1. Determine which single condition Phe166 fails, assuming it passes every other condition in (1) modelled with pLDDT of 85 or more; (2) over 12 Å from Val133 (Cα atoms); (3) touching a Lys or Arg at 6+ places or on another chain (Cβ under 8 Å); (4) surrounded by 13 or more Cβ atoms within 10 Å (Cβ to Cβ).
2. Take the conditions more than 30 Å from Thr23 (Cα to Cα) and modelled with pLDDT under 90 and apply them to Val103. Does it pass?
3. So, Asn50, is that one of a type outside the set (Lys, Arg), surrounded by 12 or more Cβ atoms within 10 Å (Cβ to Cβ) and out of contact with any helix residue (DSSP H, G or I) (no Cβ under 9 Å at 6 or more places or on another chain) or not?
4. How many of the residues making up the stretch 106-148 are in a loop (DSSP other than H, G, I, E, B) and either under 30 Å from Asn199 (Cβ atoms) or at pLDDT 90 or above (or both)?
5. Kindly state which strands (runs of 3 or more DSSP E) lie completely within the stretch 22-69 and contain at least 1 residues that are in the same structural domain as Lys8 (by TED's automatic domain parsing) and either in contact with a Pro (Cβ under 6 Å, 6 or more places away or on another chain) or at pLDDT below 90 (or both).
6. Within the stretch 21-38, take every residue that is of a type in the set (Val, Ile, Thr) and over 58 Å from the mean Cα position of the chain (by Cα) and give me the one that is surrounded by the fewest Cβ atoms within 10 Å (Cβ to Cβ).
7. Take Leu100 and decide whether it is farther than 21 Å from Lys8 by Cα and either hydrophobic (A, V, I, L, M, F, W, C) or in a helix (DSSP H, G or I) (or both).
Amino acid sequence: MAEKIRVKELGPDKPEIKITQPTKEKTYNRTFSSNWFERKSWLTGCGTANALFCFPCILFKNDKCDPTWTESGQTDLKHLSEHVKKHERSRAHMENCVKLAMVGRVSIATQLDDGHRIAVRRHNEEVDKNRHVLSKLIDCIKFCGAFELALRGHDESQCSDNPRIFRGLVDLLASIDYDLRQHLDNATVFKGTSKTVQNELLDCMLAVLRERIVEEVNAAQFVANPATTPIPYPSTWLRNLGPR
């Protein structure tokens, strides 16, 4: 295939063909005109054999090809126009012309496949980046929960002088994390610092925690429920139960 691509790049040879044939009346001689090479781009010739050939059919020769265009060559100038028209209408010639046009080109299916792979790779890269940003926001929430720190203050605006611990942690991480900094600067829909997003993250974390507790309880052979000291509450008493 590489050799055929190289031959295609070189193109059909157009040497000086010296074919001279006297007419039946012998009043003049027919000679080959090089204008044929301009009229028929598939036409090629051999200066040694002084004959005309079909470039695509030689390159993709098969049993269906006319041997007068691939082996012996055309030398009949009187009927050359008829032979050319007949050959152009042949199925073998048309198929070989299509093969010549396609050789060395990337097929549409391959182009679509490459485009799909590029789109999938970019999508996966964006998903990984979003997961990274989300993990940093969750780490900030977990830090606040571990030390019983308030997530929000009364003023969480961008220019607030007292944005509370969560916003401060996010800004601190953004100063050392390029992806998080880019997200906070460029995101237009989801930044992760709003009250709504914080509440949704807390709900998701609670759901995951509950699933984990249920899995551990189901996997355990024995379960204990220690009860804490009752806590007085208006009109009732509260008692905390924690499975162990």
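1. It fails just one condition, (1).
2. yes
3. For Asn50, the condition - of a type outside the set (Lys, Arg), surrounded by 12 or more Cβ atoms within 10 Å (Cβ to Cβ) and out of contact with any helix residue (DSSP H, G or I) (no Cβ under 9 Å at 6 or more places or on another chain) - is met.
4. Residues that pass the stated criteria total 2.
5. 29-31, 43-46
6. For the stretch 21-38, the residue satisfying everything is Thr27.
7. no
The values are calculated or read from the model by the stated rules, or taken from the named source; none is laboratory data. Since this is a predicted model, take the numbers as computed values, not measurements. Ideal geometry is used to build each Cβ from the backbone, glycine not excepted, and the neighbour counts take in all protein chains shown.
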